[in-house]
Amino acid sequence: MRNACTRLAMTASLLAAGATMAIAQGAGLADPKLQASWAFMQKEMPGVPASLLEEACKEGRVMLYHGTWVQAQDAQVKRFQERFPCVKVEKFTADTGQRQERWLAEIRANRHVADIVQDTDPGFLDAQSATGTLLEYKISNDAAFDEAAKRSGYWYASRVALVGIAWNTDLVSDEEAKKLLRWEGIVDPIWKGRAAVVDPAAGGVAYLPWYVWLKQYGPDFLQKIGDLKPRVIAAIVPASASLASGDIAVLFNASETGLLPLLDRGAPIRWSLPEPGIGPMTGQAIARHAPHPNAAKLFQEYSFTEEGYGIWQKLGGAPARRNFRDQRPVAQEKWYKVPATFAPYDRADASTNLQPVMDAYRKLVARPQ
Amino acid sequence: MTQTRAQHGSFDGGRIGGFLFLALLLALIAAPILYVIYGSLRTGAPGAADAGFTLENWRTAYLSSAYLKALWNTMALSAIVSVLALMLGGALAWLVARTDMPGRTQMALLLLVPLLISNLITTLAWIALAAPNAGFLNAWFRSMTGVRTLFDIYSFQGIVLVHVLHYASFAYLAIFAALRSIDASLEEASYMLGVGPLGTGLRMTLPLIAPTLATSFLIIFVLVAENFSVPTLLGSPVGFHTLPSLIYQNMAVTPARPTLAAAAGTLLLWVALIGAAIQRRITRNASRYITVTGKGARLRSAKLGGWRIPALCFVALYLFLAVILPYFALMLGSFMSFLTANIRPSVFTLENYATILVGDNLAPVFNSLILSAGGGLGLTILYLGMSFVLAQASKTFARLVEYVTILPSAIPALILGVGLIWTFVGWSVPIYGTMAILLIAYFLRNLGYGLRQANNAFSQIARELTEAARMNGASRLRALWDISIPLIRPAILSLWTMLFIFIFMEVSATILLYTPDTRTMPTVLWNYMSSGSQPHAFAIAVAQASLVFIVLYLADRKFGLLRKTLER
Amino acid sequence: MQEIHATPVLDVRSLTKAFGATKAVDDISFSVHAGEILVIVGGSGCGKTTTLRCIAGLEEPTGGEIHLDGVLIASAQHSMAPERRGIGMVFQSYALWPHKTIFENVAYGLERRGLKTQEIRSRVDEALTQVGLQEFAQRFPSSLSGGQQQRVALARSAVLRPKLLLLDEPLSNLDAKLREHMRDELQEMIRLFDMTAIHITHDQEEAMALADRIICMRNGRIEQIGAPRDVYRSPVNRYVADFIGSSNILEPLGIEAAQGGSLIDFGSVKLRSTQAPDAGGAKPSIAVRVEAVELHASAPEGENVFAATVTKATYLGGNSLYRLEANGLRLTARASDDYTCGETVHLRIAPGDVRLIAP
Ligand SMILES: Nc1ncnc2c1ncn2[C@@H]1O[C@H](COP(=O)(O)OP(=O)(O)OP(=O)(O)O)[C@@H](O)[C@H]1O
Ligand SMILES: [Mg+2]
């Protein structure tokens, strides 16, 4: 008697379970706790199946290898966690060279830790997608990105890290600043003893302008920069800080990455983004052997939704998504203008030119005393 | 006349265990270094599919003028800093430990404070203070006198200043411990001969602490040679580059050149070996410096007489430059939206602290405390154990080990971190991605210092003291525990203190090896720094220094880190 | 009973200890019997301490064997740990533990043996009373005088009643007066505790006073071993003669056999010895202890009498040291008589005191 009862109860619950599953497949999802997440997905990630959410939740976590844009990343992660409480986001933050070395060493050793990787050098991500270390996954918002801002199915650009000429408004008059709207303006003798440059050896965005200047304007341009005896600063962050503090008046190869946090905090700085624009994309991709592939896909999806993108971009840099309204307060400033054209950038060419650019810089700008 | 053979003693299990332990540690030391050397001979990172052998990296590092110039700069900077830091630290230690200078008990702990902010943060603080145009100090001085710049931190002197102020404190602690354990009868003999305090200090005390001085010299030399943040930040404007700043650049450029960085790293190994050879010459006859003997010893304070106040002023001046000024800049900066000399109410904010004092940042605090207190103690025991086992090995072997152990400290932490990844990433043993790899990194980073300090500590005790214990029925380990350890307590505490501080501050290797679960305070600080927010970094630095100081203060209260040894 | 007595407490056989190329101890053999005090003397660096440390177990021998109570405790192959040997040792530097009180210093060995607190207390008290330091029990070594520290070191070893006590120049750090006093106390105490001891010293007077037997070492080897009197009277060679007592070492022109011994030719002076001409080997030297040279105002009766001039007289209190010359033969003598420089005296040396020794 007792046995029979139990069996009956079991059958009933099995039936019930089957019914719930059927509902889930139909309407999308079983677990009521996931309803909110699912609703968001349906709105912002059209076409992404509910199973991705379920699988992602089963995996329960996602590991992010990201760069040193802590505040942008933190803000985005925070919102992601609210949207998808079932996936815990873990972060490893480091400067580009170190992040790359660690990730690659792990891959070589077949120890897969990273789910999501970011990089300020799209060329690096291109190369990695070619060697098969990235997972092919086309995001639902793929169409929102131009060809230059993605390698479809591999990486998508979180931002453009724009390079410009920055000045301290306490030390440079508006009249003087007009000269700084064009790259050619930096070689004006009025900047003698007032300006600084970031050493191209700092890499990444610090290097690119030198590469472009040499290509575009020739060694003569570097010679003229050298004549101004600019202060050489080792890295972008301390250079931006020096500008904000008023220790230098002008920074020739400033990066928005360094400037934005300072402007947000009320520093008396401004910058121009002359034509042709210089600004590598910062891309994000999924690792080929991501230990949490579904959670990774979910995060990748979220990062490029209207919401996820906006949060990151607001603190991280100029948007690379087509027709995306720039969330940054600076975008509202009258003086702020994103360049219309960009200097062509070819990773292979930039790499092969590294040594010549460095040599020219050492000879013409950082002249040995 | 029966002859029985004793059953015990023919197989010394303890000794064999000891040597196995040593062999394991040596493998641990050798692996990342060999990986770095191997990597330096490759076109790509070890394990990379398309990499092959090349001498190109070595050619660049060993033959190009840029690297040779940097090598020269590195050596010159290290030598100057080490000598100055030793002189300054030695004077401070002597004044606090062995004279009747007023306020010395209070000063004892304060003199450690310069070590509680990393070199990087000290440098940023000094930039805030003495940047030529907008440094607080220069701006203030300009408003007072109209002179444009009082002191320009972007200079060779600036680099030396930042380093010397930092490492004088390091030298102070090491010498302090050595001075506390000197047999005063040796000094008394000198006083009896009518030699004054200064003469006695120079002629008697100095030779007695020679091993400590030599070790401190070596360690400061190597650490300065290895440091990249100070010369990178302060030297770039004047075109002054050291090897580590070039190495850093090799890792920063795109594409990064880790193998060239590794080759340049090997250059520093030679620098370290030369330093170790010098140190070895000075300490060769360690028994000449035995300062704890079985004969009674009394400590004696030199009477400074009329020099008491000038001495206090001297210590105060050091504290002003090494503590008050940089901490003033740090504190001020940590309450500002951004650093500026143009001080007005609107730049002040509490946001920095509000941001860092979040639950998310509690784990790093906890990790840092565990790693530096627990790990520091563990490493202290490990170094003492190594030294103890080595004392039973053959002299040639012990010397070889001593040379080898300086190497991991000499490789820039960044490269050491890369070497550790290359070594451990493929292991299935849970080391990579756990706290274990951080502890291994800290073990290696501090090995040269820790092992030598342990050696020095042991060599201060006359061998008869432990032998007497054995003649009284104590085993070797028991004699270590009952006799040696209590007798070298000041040295052990100073070693633990130093490791606690060093580990708490370590970032260059940690930044490569940490995981979300093993974040430390300095990694959080570093990431804020790199993300462009110096004020946040300053706020963390202030929190970090306060935390470390409180821990040290409590430890001093409880275990008598410095105070009790002072009252001995 | 007989058997047990015949077994020496310590038996050292062909003991060798080399540090790299140098042999600090080179194939030495000796034994120590129960209740005996053996004193080892010899020049600096001759291997005394090394020998002692091998016995203690603080060094491992490179050759030979050491037996303690018939048990092999050390050989080249194995060396019993010092703490298992039950041997006591007093170090030259006392090696008192500065962080322990006098009581704790003395009690340490008893604690290691796992004795009960009560028993430890009574035995330490007893030992401290015996060395007269019971009221210093709670003091630290640094507050004691050298002599007191030395006594503590002794008490610390004695309290364990070791089978064998090793003493490495325990008195050398004391001033002359205290040394003499402590020497007597030491002897008394060793007898009192009924211990067997090996004692190292540089001081021949100390050696004479303490020893049941003396070993004289040189370059890691034993030169002579015997009762103090025998070694003193009949040193086997120049080195021993030099070391034990002060002797005139003379180079003879020739030696010929004579009735009841030999006749030694020093040119103008000829001395008779009771020893055979080959007693000192092929080319012997002649040793005459300084106090064996008798000084007389007028020529005395007997053999080996000759005249000499006093070239120097040094008053030592009690007796004087005289430098003498007899037709080119220079001698030193110690006597209580009063002579002044330039005086002519008559010397007599008993034939038994003219010793032929190996060079
Ligand atoms: N640990 C050691 N390593 C190398 N050589 C040693 C060692 N210990 C002793 N020796 C050498 O062995 C020889 C004998 O030394 P030992 O200490 O036994 O002499 P000693 O007779 O006790 O001298 P002293 O009267 O000066 O105390 C010396 O030449 C000494 O230098
Ligand atoms: Mg000796």
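The values are calculated or read from the model by the stated rules, or taken from the named source; none is laboratory data. All of these numbers come straight from a predicted model, not from anything done at the bench. Methodologically, a virtual Cβ is constructed for each residue, glycine included, from the backbone with ideal geometry; neighbour enumeration extends over all protein chains shown. Remember, those area values only see protein heavy atoms, side chains included, never the ligands or the DNA or RNA. Shrake-Rupley method; radii C 1.70, N 1.55, O 1.52, S 1.80 Å.
Looking only at segment B:364-406, count how many residues are surrounded by fewer than 15 Cβ atoms within 10 Å (Cβ to Cβ) and among the polar types (S, T, N, Q). Of the residues in segment B:364-406, 3 are surrounded by fewer than 15 Cβ atoms within 10 Å (Cβ to Cβ) and among the polar types (S, T, N, Q). Please work out if A:GLN313 is closer than 23 Å to A:GLU82 by Cβ, touching a residue at least 12 places away in the same chain (Cβ under 8 Å), out of contact with any helix residue (DSSP H, G or I) (no Cβ under 8 Å at 6 or more places or on another chain) and not hydroxyl-bearing (Ser, Thr, Tyr). It is false that A:GLN313 is closer than 23 Å to A:GLU82 by Cβ, touching a residue at least 12 places away in the same chain (Cβ under 8 Å), out of contact with any helix residue (DSSP H, G or I) (no Cβ under 8 Å at 6 or more places or on another chain) and not hydroxyl-bearing (Ser, Thr, Tyr). Counting only helices (runs of 4 or more DSSP H) that sit wholly inside segment A:275-369, those with at least 1 residues that are more than 14 Å from chain B (Cβ to nearest Cβ) are A:293-303, A:306-316, A:354-364. Listed by position, the strands (runs of 3 or more DSSP E) contained in segment C:293-359 that have at least 1 residues being more than 23 Å from C:LEU253 (Cα to Cα) are C:293-296, C:305-315, C:320-326, C:329-335, C:344-349.
Within segment B:509-524, restricting attention to residues that are touching a Ser or Thr at 6+ places or on another chain (Cβ under 8 Å) and within 21 Å of B:THR232 (Cβ to Cβ), the residue that is nearest to the other protein chains (Cβ to nearest Cβ) is B:ILE511. Just so you know, in segment A:186-211 the residues that are away from every other protein chain (no Cβ under 14 Å) and open to solvent by less than 10 Å² (accessible area, probe 1.4 Å) include one that is farthest from A:SER245 (Cα to Cα), and it is A:ILE186. If the condition is being touching a His at 6+ places or on another chain (Cβ under 9 Å), under 14 Å from C:LEU271 (Cβ atoms) and not small (Gly, Ala, Ser), then segment C:302-345 contributes C:VAL305, C:PHE306. The test for being within 30 Å of B:TYR403 (Cβ to Cβ), modelled with pLDDT under 70 and touching a Leu at 6+ places or on another chain (Cβ under 9 Å) does not hold for B:ILE220.
If you take the residues in segment C:64-91 that are more than 10 Å from chain B (Cβ to nearest Cβ) and under 25 Å from the mean Cα position of the chain (by Cα), which one is surrounded by the most Cβ atoms within 10 Å (Cβ to Cβ)? The extreme case among them is C:ILE66. When segment B:525-546 is limited to residues that are among the aliphatic types (A, V, I, L, M) and more than 10 Å from chain A (Cβ to nearest Cβ), the one that is surrounded by the fewest Cβ atoms within 10 Å (Cβ to Cβ) turns out to be B:ALA543.
Scanning segment A:111-137 for residues that are of a type in the set (Ser, Thr, Tyr) and touching a residue at least 12 places away in the same chain (Cβ under 8 Å) yields A:THR120, A:SER129, A:THR133, A:TYR137. Given the condition closer than 23 Å to A:ASN110 by Cβ, more than 14 Å from chain C (Cβ to nearest Cβ) and surrounded by fewer than 21 Cβ atoms within 10 Å (Cβ to Cβ), answer yes or no: does some residue in segment B:436-449 qualify? Yes: segment B:436-449 contains one or more residues that are closer than 23 Å to A:ASN110 by Cβ, more than 14 Å from chain C (Cβ to nearest Cβ) and surrounded by fewer than 21 Cβ atoms within 10 Å (Cβ to Cβ).
The set of residues from segment C:195-233 being under 30 Å from C:LEU160 (Cβ atoms), among the hydroxyl-bearing types (Ser, Thr, Tyr) and more than 14 Å from ligand 2 (Cβ to nearest atom) comprises just one member, C:THR196. The single condition from (1) more than 16 Å from ligand 2 (Cβ to nearest atom); (2) assigned to a helix (DSSP H, G or I); (3) of a type in the set (A, V, I, L, M, F, W, C) that C:CYS54 fails is (1). Is segment A:140-147 home to any residue that is in contact with a helix residue (DSSP H, G or I) (Cβ under 7 Å, 6 or more places away or on another chain) and open to solvent by less than 20 Å² (accessible area, probe 1.4 Å)? No - not one qualifying residue is present in segment A:140-147.
Any chance you could count how many residues in segment C:23-42 are within 16 Å of ligand 1 (Cβ to nearest atom) and within 14 Å of chain B (Cβ to nearest Cβ)? Here the count works out to 0. If the condition is being more than 8 Å from chain B (Cβ to nearest Cβ) and either crowded, with 20+ Cβ neighbours inside 10 Å or at pLDDT below 90 (or both), then segment A:109-119 contributes A:ALA114, A:ASP115, A:ILE116, A:VAL117, A:GLN118, A:ASP119. Taken together, B:LEU377, B:LEU384, B:LEU414, B:LEU407 contain a single residue that is part of a helix (DSSP H, G or I), within 14 Å of another protein chain (Cβ to nearest Cβ) and either at negative phi or of a type outside the set (Lys, Arg) (or both), which is B:LEU414.
When segment C:123-173 is filtered for residues that are more than 16 Å from ligand 1 (Cβ to nearest atom), outside any helix (DSSP H, G or I) and without any contact (Cβ under 8 Å) to a residue 60 or more places away in the chain, the ones remaining, listed by number, are C:VAL131, C:GLY132, C:LEU133, C:ALA137, C:GLN138, C:ARG139, C:PHE140, C:LEU144, C:SER145, C:VAL159, C:ARG161.
Suppose we filter A:LEU251, A:LEU273, A:LEU262 for residues that are open to solvent by 10 Å² or more (accessible area, probe 1.4 Å), touching a Ser or Thr at 6+ places or on another chain (Cβ under 8 Å) and not assigned by TED's automatic domain parsing to the domain that holds A:LEU104; which single one remains?
A:LEU262
Taking segment C:138-162 as the region of interest, how many residues are under 15 Å from C:ARG121 (Cα atoms) and of a type in the set (D, E, K, R)? Residues meeting the conditions: 1.
If you go through segment A:224-243 and keep only what is more than 8 Å from chain B (Cβ to nearest Cβ), small (Gly, Ala, Ser) and buried (at least 21 other Cβ atoms within 10 Å of the Cβ), you end up with just A:ALA239. Checking C:LEU271 against (1) over 30 Å from C:ILE40 (Cα atoms); (2) open to solvent by 40 Å² or more (accessible area, probe 1.4 Å); (3) modelled with pLDDT of 85 or more, only one condition comes out false. Which one? All conditions are met except number (2). Candidates in segment A:148-175 are the residues that are open to solvent by less than 50 Å² (accessible area, probe 1.4 Å) and among the charged types (D, E, K, R); of these, the one that is nearest to A:ILE248 (Cα to Cα) is A:ARG159.
Residues in segment C:48-58 include at least one that is open to solvent by 40 Å² or more (accessible area, probe 1.4 Å), modelled with pLDDT under 95 and within 13 Å of ligand 1 (Cβ to nearest atom).
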